[in-house]
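*Asks:* First, the structure itself, so that you have it in front of you.
The values are calculated or read from the model by the stated rules, or taken from the named source; none is laboratory data. Small disclaimer: the values here were computed from a predicted structure and weren't measured. Note that we place each Cβ from the backbone using ideal geometry, even for glycine, and neighbour counts take in every protein chain shown. When the accessible area is computed, the model is the full protein with side chains, heavy atoms only, and any ligands, DNA or RNA have been set aside. Shrake-Rupley method; radii C 1.70, N 1.55, O 1.52, S 1.80 Å.
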Amino acid sequence: MISAFERLMNHAVLVVISFIVVFPVGWFLLTSLSPNTAGTIDLAHLTWSNFTTAWQAGDFGQAMTASAVITIGAVLGQMVTAILAGYGFSVLGVAGEKIIFPVILFGLMISSEVFIIPLYYEMRQIGLTDSWLGLILIQIGMGVPFGTFWMRATFRAVPRSLIEAAQMDGARSWRVLWAILFPIARPSVLTLALLSFMWTWNDYFLSLVFISDPAKQPATLALGVFQGLHVSQVNLLAAGSLIVALPVLLLYVFFQRHFIQGVINGALRE
């Protein structure tokens, strides 16, 4: 049993770690509410209008819409490909799996800087540069290695006897996937969707290379332009940064239990 002293020490360590994590976030929030351009914290005169000013000055409405379109399209594409690929490798069996699967995983070890130049010229040749569709397709392709690995491990953790019982009852491949495996794997699927959303929403490098039209730039690019124009206004910079980060923060707050459960389940698999 855990003694009272050990329990006290555990709580003390957790309190210290929580303070270390929360303090910069709280400081950043108070900076965004500062009435001073230097970002000096003034609790007596919190200025919520900084968010309105930053929203209008940075044209974040249009940029957030662009990010939403790109991110939702990419996440949907990544989830479909990950679920189907994971199901194929874990249950159906793929000819040459011992060669194909390691090749797919090899994509996890390749940095985007390695292939960004040839990829740009290929996308320009087919007319998909400076377009949301092109960026969505690139994000889907870059999500295939991790998504395939994640869903393969998820489906392989399901008892084989359950799948065989469904097949003996006459369930075909699609029914086994959507009626048996998908409900069981829902926490892992949701976790993968949240990770894909976060990675796509926060992307800056790919957007910088493939999007040059200001009317099509996502929120991360808009924030970069905004920071360049208001480098001396620290309070507005903090407000703009929080605006861009807000969707990811809200998703994590609402789905944190599912996210943690999915990560723990994934850690217990191969």
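*Asks:* Under a 1.4 angstrom probe, counting protein chains only, how are ARG152, ARG7, ARG175 ranked by accessible area, largest first?
*Replies:* ARG175, ARG7, ARG152
*Asks:* Provide the packing ranking of 10-16, 215-221, i.e. peptides ordered by the mean count of other C-beta atoms within 10 Å per residue, highest first.
*Replies:* 215-221, 10-16
*Asks:* Which value in nm describes the separation of the simple spin-label points at SER112 and SER173, placed 7 Å from the Cα toward the beta carbon?
*Replies:* 3.2 nm
*Asks:* Filter the chain for me: DSSP H helices, axial length by Cα at least 18 angstrom, mean Kyte-Doolittle hydropathy not below 0.0. List them by residue number.
*Replies:* The qualifying helices are 4-32, 60-87, 112-125, 132-156, 186-201, 234-267.
*Asks:* Moving on to the next point. State, in angstrom, two size descriptors of the chain derived from its alpha carbons: Rg to one decimal place and Dmax to the nearest whole number.
*Replies:* Cα radius of gyration and Dmax of the chain are 22.8, 70 Å respectively.
*Asks:* If contacts are Cα pairs under 8 angstrom and at least 6 residues apart, what is the relative contact order of region 73-176 in percent?
*Replies:* After rounding, I find 50 percent.
*Asks:* Order these peptides, 108-117, 69-78, 27-36, by their mean beta-carbon neighbour count within 10 angstrom, highest first.
*Replies:* Averaged packing, sorted descending, gives the order 69-78, 27-36, 108-117.
*Asks:* Pull out the extension gain between LEU105 and GLN56, defined as 0.36 nm times the separation in residues minus the alpha carbon to alpha carbon distance; nm, one decimal.
*Replies:* Going from the current span to full extension adds 13.3 nm.
*Asks:* Do you know the relative contact order of the chain, to the nearest whole percent, from alpha carbon pairs under 8 angstrom that are 6+ apart?
*Replies:* This gives 32 percent for the chain.
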